[in-house]
1. If a paramagnetic tag sat 7 Å from the Cα of residue A:356 along the Cα-Cβ line, which residues of the stretch A:311-339 would have the backbone N under 19 Å from that point?
2. If you average 1/r across every pair of different Cα atoms in the stretch B:138-228 and take the reciprocal, what Kirkwood value do you get, in Å?
3. Could you put B:195, A:221 in order, starting from the residue whose Cβ has the fewest other Cβ atoms within 10 Å?
4. So how far apart, in nm, are the two label points at residue B:18 and residue A:257 if each is 7 Å from Cα heading toward Cβ?
5. Can you pull a Stokes-Einstein diffusion coefficient for chain B at 25 °C (0.890 mPa s), Rh from Kirkwood over Cα pairs, as a whole number of µm²/s?
6. Taking the Cβ-Cβ separation of residue B:91 and residue A:226 as r and a Förster radius of 60 Å, what is the calculated FRET efficiency to the nearest 0.05?
7. Contact order normalised by length for the stretch B:226-379, with contacts defined as Cα pairs under 8 Å and 6 or more residues apart; what percent is it?
8. How do the peptides A:121-134, B:70-83 rank, highest first, by the average count of neighbouring beta carbon atoms within 10 Å per residue?
């Protein structure tokens with residue numbers, strides 16, 4: 001058992017995925033057909049022996065509460081483990097006050113009562129696999145006060161634009177945390193993942209809230225580089241930041257490739273999710289399916305290429321779906337043509353509609369919409 | 001027992017030797033079916049959906065996997081405070097030695113104490129090797145309305161096939177007047193489905209008497225039901241019209257899987273009002289590769305298809321390599337068909353690997369080819 005409890009941080013305030021986020025927090029976004037984004041941090045924590053996990057939510061908690069349930073499907077022990085959903089009401093005045101620090105302060109007593117010596121904080125808008133037990137051990141061995149997880153990327157001009165970048169010295173000491181302004185392709189992207197002692201975390205949160213009600217955890221840490229030993233630890237393997245519709249769309253399609261998916265899903269550390277007990281998928285006469293990930297419970301009579309299809313989707317005769325992310329229970333009518341679209345849950349597309357968008361600017365069809 | 005005062009007992013003791021190597025290590029009810037299910041998911045889900053709280057699973061052959069599979073009952077929602085699934089192998093008791101279950105009725109007789117501990121008014125006796133969806137609560141209502149001692153679920157079969165079944169002869173009101181096991185000249189085409197609802201008090205008495213009868217084979221069909229008829233008890237037939245399949249042989253198991261491909265198939269597994277519950281595999285959605293072709297198939301999550309599939313059912317974690325062809329076949333969980341191999345009219349058992357460029361099964365074989373051992377190929 002790891003000597004740490006886990007925190008899945010609230011949505012970052014500068015991130016907004018057009019359309020989809022009106023219905024649920026980013027953490028509850030459907031991802032890769034049968035998952036939700038939050039399945040990744042929670043499963044990885046659970047697989048790493050972290051069995052006390054706090055999930056912070058500031059708005060639309062319904063879908064998240066329903067999905068997480070008791071946490072049993074994440075293999076969290078029902079007696080000595082705990083999955084907590086912690087609320088903090090979002091400020092109505094201005095989104096700028098809705099910081100992670102505010103969420104932690106609202107629940108500071110609960111944090112203080114945790115028995116573990118360390119805390120591991122992971123974001124709810126990123127998809128990656130991480131052995132947090134190894135991360136915790138690296139942190140303890142290094143003797144650092146705070147460790148930050150980062151990824152080296154070579155496409156930061158156009159991707160990760162709402163993320164922060166770290167500047168590191170040769171000893172992996174962190175010199176700065178700054179927004180990615182897209183000035184260069186090679187960057188060290190901060191994965192919004194922290195390891196530190198619980199007591200230090202509480203001190204920082206309290207201090208940040210005293211200085212300014214707009215302060216975030218990364219901002220207060222940025223002020224402490226002189227006093228604290230803050231180091232970076234490198235993550236390798238697939239990492240996607242879901243910061244807008246395009247990055248959501250791209251991350252889904254990227255993971256169709258088995259060599260990418262293999263970096264996230266390996267047999268020893270499975271990604272868990274809530275089952276809906278849907279039956280297998282039926283491919284009918286006339287179905288043409290290529291290079292796609294298809295969830296259970298679908299009925300496919302048309303053509304599907306380079307797409308990710310959620311549970312219980314109907315693709316009717318003559319329909320052509322290319323480069324699309326289709327969320328659960330949508331119905332794609334006869335002879336409909338879709339290209340580069342994100343179709344939200346329960347949408348019904350009929351009347352031989354033709355929706356073609358550019359891959360750089362995927363289209364979005366709202367939940368429950370009938371076209 | 002809070003919901004309808006009926007307890008269910010599933011007879012899952014048989015080895016299912018006609019399923020050959022599929023049941024070498026697991027009992028027949030634990031055999032995989034329909035992509036993601038096991039056979040016993042059907043009676044268990046039917047029980048859960050029919051609001052039955054307590055289910056006993058009577059088993060004696062290779063019960064370890066079955067036991068761990070049903071333990072807790074959470075997969076079927078049978079895990080609230082008043083409900084549960086219990087595996088009941090033969091056991092030694094204070095007044096009797098350890099003995100096998102000598103027959104279907106004996107399996108219940110040896111667990112009278114278990115049933116009594118829940119004090120049910122009715123008991124539902126099922127077999128664990130049939131694929132069907134049925135609302136037992138409606139059958140119970142019929143049993144109550146008829147004020148019956150025993151209600152037997154029956155379904156009409158083609159007259160030609162009637163000699164293969166246990167046939168119930170009924171009067172105009174559906175009262176069973178005669179039971180004939182595999183009659184040469186059947187008087188009715190109503191076949192027993194092996195689903196019985198007894199009023200527990202009546203059955204309990206009959207079982208106690210049956211245990212003492214040295215001439216009895218302790219079987220429901222041979223002994224208990226004829227005795228009920230002789231004693232003038234009220235036996236009624238409950239007609240069931242939906243999909244029902246005995247999957248006792250490799251051919252029939254294959255057929256039942258193939259039925260799922262039929263667009264007119266009556267066994268709709270996609271009915272949100274009557275879900276069949278099963279274990280959840282932590283697996284990615286099914287992957288269909290860039291050069292794959294899928295032409296009429298039933299595929300579940302965790303399957304990986306690079307080659308071509310025609311009229312086949314693919315279970316969790318099955319794999320079809322590049323250029324491989326799977327036609328009219330069933331790939332059980334974890335079965336692998338490597339690059340270039342061709343599988344036709346076959347049932348490939350769990351975790352069996354068909355090597356590169358191997359050819360297995362044939363389109364004009366009389367029976368389905370069961371592949372239960374790895375087939376070495378060019379790799």
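Nothing in this text is a laboratory measurement; each read-out follows from the coordinates by a stated rule. Computed from a prediction, not measured in an experiment: that's the story for all the values here. All Cβ positions, even for glycine, are placed from backbone atoms using ideal geometry, and neighbour counts span all protein chains on display.
1. A:318-325, A:333-339
2. Taking every pair of different Cα atoms in the stretch B:138-228, averaging 1/r and inverting gives 13.9 Å.
3. Details: B:195 24, A:221 21.
Going from least to most buried by this count: A:221, B:195.
4. Each label point is offset 7 Å from its Cα along the Cβ direction, giving 5.2 nm.
5. Calculated translational D: 112 µm²/s.
6. 0.25
7. 13 percent
8. A:121-134, B:70-83
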